[in-house]
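In what follows, a single structure is set out as structure tokens and then discussed.
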């Protein structure tokens, strides 16, 4: 079964909505000057309130190792997601599983003739350092507007090559089942696609997203 991560959690109410809907993981963004940035003081009590088997994932972007480790300890994070230009060796030395984000062009850009994504040696080097790859859009983070999906067939090809793939970018309650049916990813990740506004989730969208992901084949 495809796992579900609800990202961009900023408050306890949204966290509990996601948990009650059946999410497997919650994402907390520790990237300064982004719309959903949170602090360890905000996140630690939310993580303490989570039930067993729901993973708290911290999102970082080219942060120093010591800084990341201090937040892991302060918040009790269960996994890390690196969204910047981290090299494979930068992912070493952590006590929790690590996810590396790979940024891809939107599907429409692929169709317009841009260079298709091919798993290169650069990405193969992450295989022994990262527990999973998260495929996301190269576009800047959303401030409430809809994001364009990436080409799902890329995720399918990598999953077929035995990569553990987390599919992100432009997913919504209305398209996540088709995305899973196409790509068969290890997990799906949603942020703005289930929001009422940046930093606040829409409970109906959260419930519909998780239900659609669970029902996908």
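Residues of the range 58-73 falling in the label zone of residue 129, defined by backbone nitrogen less than 17 Å from a point 7 Å along Cα to beta-carbon, are 60-69. Distance between the modelled labels on residue 174 and residue 44, one decimal in nanometres: 4.2 nm (7 Å Cα→Cβ projection).
Can you sort 153, 95 from fewest to most other Cβ atoms within 10 Å of each residue's own Cβ?
Details: 153 14, 95 9.
Least to most surrounded, the residues fall as 95, 153.
The stretch between residue 146 and residue 197, if pulled fully straight at 0.36 nm per residue, gains 17.2 nm over its current Cα-Cα span.
Assuming R0 = 25 Å, can you tell me the calculated FRET efficiency for the pair residue 94 and residue 13, based on Cβ-Cβ distance, to the nearest 0.05? Please report the intermediate quantities before stating the final value.
Values: r = 29 Å, r/R0 = 1.18.
FRET efficiency, residue 94 to residue 13: 0.25.
Taking each DSSP H run with n ≥ 4 as -39500 (n - 2.57) and averaging over every residue of the chain yields -9000 deg cm²/dmol at 222 nm.
Here mean projected area of the Cα convex hull in nm² was calculated from the structure, and among (1) 12.2; (2) 11.6; (3) 11.0 it sits at label (3).
A crude spin-label estimate for the pair residue 157 and residue 32, with each label 7 Å from Cα along the Cβ direction, gives 3.9 nm.
Take every DSSP beta bridge whose two residues both sit in the chain; close to 10 percent of them are antiparallel. Distance between the C-alpha centres of the range 162-217 and the range 18-63: 17 Å, rounded to the whole angstrom. For the chain, the relative contact order works out to 22 percent when only alpha carbon pairs closer than 8 Å and six or more residues apart are counted.
Readers should treat all values here as calculations from the given coordinates under stated rules, not as data from a laboratory. Not measured: the values here are computed from a predicted model. Every residue, glycine as well, gets a Cβ built from its backbone with ideal geometry; the counts of neighbours run over all protein chains shown.
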